[in-house]
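K.L.:
Take this structure first; my questions come after.
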Amino acid sequence: MLIAKIYEDNALGKLSDKRYTMLYNQYEGEQEQLQSELDGYKMEQAQYEKDRKSAARFLKLVERYSNAEEMTMLMLNEFVEKIVVHERDRKGSADTTQKIEIYFNFIGEYIPPTMAEKEPTPEELEEMRKKEARKDRLHQNYLKRKANGKQKEYEERTKAKKKAQIESQKEQIRAEDREKGIYFHAGVPNIPRVGKQAVM
């Protein structure tokens, strides 16, 4: 109605062409802004409805497995959509943090309140700063040894001992696995069988 009135006033000579163009452009701009806001609200509402349905589906899934005593692969696949493992905060360090995100089906990423990151105290911040400074110092020493060839000499001297130690640890893990009945020899493929026919 407003745009029709502006047009009539312009046609009857009550409104100059310049003023009409300015008002028309202003009207069009406001219409676009309103349409954009409306689209945003519709998208938010659709997402809200989707999330509400997803949460209900997730709760049904939880109810279905509430009496389960063991978590099976099927259950994990139904609950977990994806797991994102980020790069370690400090490469090559045995003592460093690494962010891992778990996304559940229907509800996305969820961090339980007990696992939420707490704000470190000033004492903890100072301890972390000292630890990082020590790591930096040790890394600089390593780079110096690497540059002058001493690191290579050390690695050659200790290579056989480290290999034996790693093999010993592997054998210990294999022995534990054999006791639990979950060890398979590396040369034999683990193919489940049904009757006499192999399942591929």
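The values are calculated or read from the model by the stated rules, or taken from the named source; none is laboratory data. Since the structure is predicted, the reported quantities are computational estimates derived from the model, not experimental observations. Backbone-built Cβ (ideal geometry, glycine too); neighbour counts: all protein chains shown.
K.L.:
Do you know which residues across segment 105-159 are in contact (Cβ under 8 Å) with a residue 40 or more places away in the chain and in contact with a helix residue (DSSP H, G or I) (Cβ under 7 Å, 6 or more places away or on another chain)?
P.N.:
ASN105, PHE106, ILE107
K.L.:
Looking at segment 121-136, is at least one residue aliphatic (A, V, I, L, M), exposed (fewer than 11 other Cβ atoms within 10 Å of the Cβ) and outside any helix (DSSP H, G or I)?
P.N.:
no
K.L.:
Okay, next question. Can you name the residue in segment 100-119 that is surrounded by 11 or more Cβ atoms within 10 Å (Cβ to Cβ) and at pLDDT 85 or above and is also farthest from HIS86 (Cα to Cα) among such residues?
P.N.:
TYR103
K.L.:
Could I ask something else about it? Determine if segment 45-66 includes at least one residue that is free of Cβ contacts under 8 Å to residues at least 40 places away in the same chain and not in a helix (DSSP H, G or I).
P.N.:
There is at least one residue in segment 45-66 that is free of Cβ contacts under 8 Å to residues at least 40 places away in the same chain and not in a helix (DSSP H, G or I).
K.L.:
Sticking with this one: Could you check how many residues of segment 58-77 are over 18 Å from GLY108 (Cα atoms), exposed (fewer than 11 other Cβ atoms within 10 Å of the Cβ) and either touching a Phe, Trp or Tyr at 6+ places or on another chain (Cβ under 7 Å) or not aliphatic (A, V, I, L, M) (or both)? Spell out the reasoning first.
P.N.:
Going residue by residue through segment 58-77, those that are over 18 Å from GLY108 (Cα atoms) are 63-74.
Filter once more, so that each one left must be exposed (fewer than 11 other Cβ atoms within 10 Å of the Cβ): 63, 66-74.
This time we only want the ones that are either touching a Phe, Trp or Tyr at 6+ places or on another chain (Cβ under 7 Å) or not aliphatic (A, V, I, L, M) (or both), so: 63, 66-67, 69-70, 72.
Number of matching residues: 6.
K.L.:
Then there is this: Among the residues of segment 12-37, which ones are touching a helix residue (DSSP H, G or I) at 6+ places or on another chain (Cβ under 9 Å) and exposed (fewer than 11 other Cβ atoms within 10 Å of the Cβ)?
P.N.:
Once the filter is applied, which keeps residues that are touching a helix residue (DSSP H, G or I) at 6+ places or on another chain (Cβ under 9 Å) and exposed (fewer than 11 other Cβ atoms within 10 Å of the Cβ), segment 12-37 yields only ASP17.
K.L.:
For the condition out of contact with any Gly (no Cβ under 7 Å at 6 or more places or on another chain), modelled with pLDDT under 80 and either on the phi > 0 side of the Ramachandran plot or polar (S, T, N, Q) (or both), what is the one hit in ASN67, ASN77, ASN25, ASN10? Walk me through how you get there before you give the answer.
P.N.:
Numbers: ASN67 fails: modelled with pLDDT under 80; ASN77 fails: modelled with pLDDT under 80; ASN25 fails: modelled with pLDDT under 80.
Checking each option against the conditions leaves just ASN10.
K.L.:
Going by the structure shown, is GLN98 in contact with a His (Cβ under 7 Å, 6 or more places away or on another chain) and among the polar types (S, T, N, Q)?
P.N.:
For GLN98, the condition - in contact with a His (Cβ under 7 Å, 6 or more places away or on another chain) and among the polar types (S, T, N, Q) - is met.
K.L.:
For GLU81, are the conditions met, namely being without any contact (Cβ under 8 Å) to a residue 40 or more places away in the chain and within 26 Å of GLU117 (Cβ to Cβ)?
P.N.:
Working: without any contact (Cβ under 8 Å) to a residue 40 or more places away in the chain: yes; within 26 Å of GLU117 (Cβ to Cβ): yes.
When the stated conditions are applied, GLU81 passes them.
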